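Peer 1: I'd like to ask you about the structure that follows.
The values are calculated or read from the model by the stated rules, or taken from the named source; none is laboratory data. Predicted model, so just to flag it, every value in this text is computed and none were measured. With ideal geometry, Cβ positions are generated from the backbone for all residues, glycine too; neighbour counts draw on all protein chains shown. In case anyone asks, the SASA skips ligands and DNA or RNA and just uses the protein heavy atoms, side chains included. Shrake-Rupley method; radii C 1.70, N 1.55, O 1.52, S 1.80 Å.
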Amino acid sequence: MRLSTKCRYGTRAMIEIARHYKEGPVKRKDISHSQKISSGYLENILIALKSRNLIKTVRGANGGFALEVPPSRITMFQIVSALEGSIVPVECVDDSGACDRSADCAARKLWQELYNAQKAVLTKTTLQVLVDRADSKKQPDYSI
């Protein structure tokens, strides 16, 4: 599986929004600046995330983007699905009728296992896990 730039940037934007979860909404220009994503491209990403109810917009002077639910309740599978669509490696994994060889295909089981493994990793990894990883990398190291 190769993730698009949209998905990678969307993940970074979600981490940025999640880092401010308890502080309030984050302005698009602040996400754009901190993550070095063009504002126009970021807008398209945020629309996709909002359409899947992962984020919401807050209007007003202190408005911006905020998570709909705590980061511990958002999985990477939800984020990737919102930005990439289906992550099945081949069509017959979702729909055995998509190929007339599905019943006898020696590789179909492999493609199903691959999809299940990817989905399992993405489902068990929450946005909070990535926030914690990002924050641990920003801690100063005072060891000698």
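Peer 1: With θ set to phi - 60° and the Karplus curve 6.51 cos²θ - 1.76 cosθ + 1.60, what are the ³J(HN,Hα) couplings of region 55-65 in order, to the nearest whole Hz, using x for Gly and Pro?
Peer 2: 10, 9, 9, 10, 8, x, 4, 9, x, x, 10
Peer 1: Considering only protein heavy atoms, what per residue accessible area in square angstrom results for region 52-122 with a 1.4 angstrom probe?
Peer 2: In whole numbers, region 52-122 has 60 Å² accessible per residue.
Peer 1: Ok, one more. Projected onto the charge dipole of the chain (+1 at Lys/Arg Cβ, -1 at Asp/Glu Cβ, origin at the Cα centre), which of LEU130, LEU83, SER34 gives the Cα projection farthest towards the positive end?
Peer 2: Working it through, the farthest residue towards the positive pole turns out to be SER34.
Peer 1: Please state the relative contact order of the chain as a whole percent: Cα pairs under 8 Å, 6+ residues apart?
Peer 2: About 26 percent, as a whole number.
Peer 1: Sticking with this one: Classify region 2-78 from the C-alpha gyration tensor, please: rounded if a/c falls under 1.5, else prolate or oblate depending on whether a/b exceeds b/c.
Peer 2: Judged from the Cα gyration tensor, region 2-78 comes out oblate (a/c at least 1.5, b/c at or above a/b).
Peer 1: Below 15 angstrom from the Cβ of ASN44, what's the summed charge of the other residues (Lys, Arg +1; Asp, Glu -1)?
Peer 2: Value of the local net charge: +4.
Peer 1: Find me the longest stretch of the chain that has none of the exposed trypsin sites (Lys or Arg not before Pro), where exposed means in a DSSP loop (not H, G, I, E or B) with at most 16 other Cβ atoms within 10 Å.
Peer 2: In short, 60-100.
Peer 1: From the backbone phi of region 16-21, what are the Karplus-calculated ³J(HN,Hα) couplings (6.51 cos²θ - 1.76 cosθ + 1.60, θ = phi - 60°) in whole Hz, Gly and Pro given as x?
Peer 2: With the stated coefficients, region 16-21 comes to 4, 5, 5, 4, 9, 3 Hz.
Peer 1: From the backbone phi of region 34-39, what are the Karplus-calculated ³J(HN,Hα) couplings (6.51 cos²θ - 1.76 cosθ + 1.60, θ = phi - 60°) in whole Hz, Gly and Pro given as x?
Peer 2: Using θ = phi - 60°, the values come out as 5, 9, 6, 10, 4, 4 Hz.
Peer 1: Same structure, new question: Take the solvent-accessible surface of the protein heavy atoms, probe 1.4 Å, and return the percent of it on the chain that carbon and sulfur atoms account for.
Peer 2: Exposed carbon and sulfur together represent 49 percent of the surface.
Peer 1: Would you give the gap between the C-alpha center of region 80-102 and the C-alpha center of region 14-76, rounded to a whole Å?
Peer 2: 29
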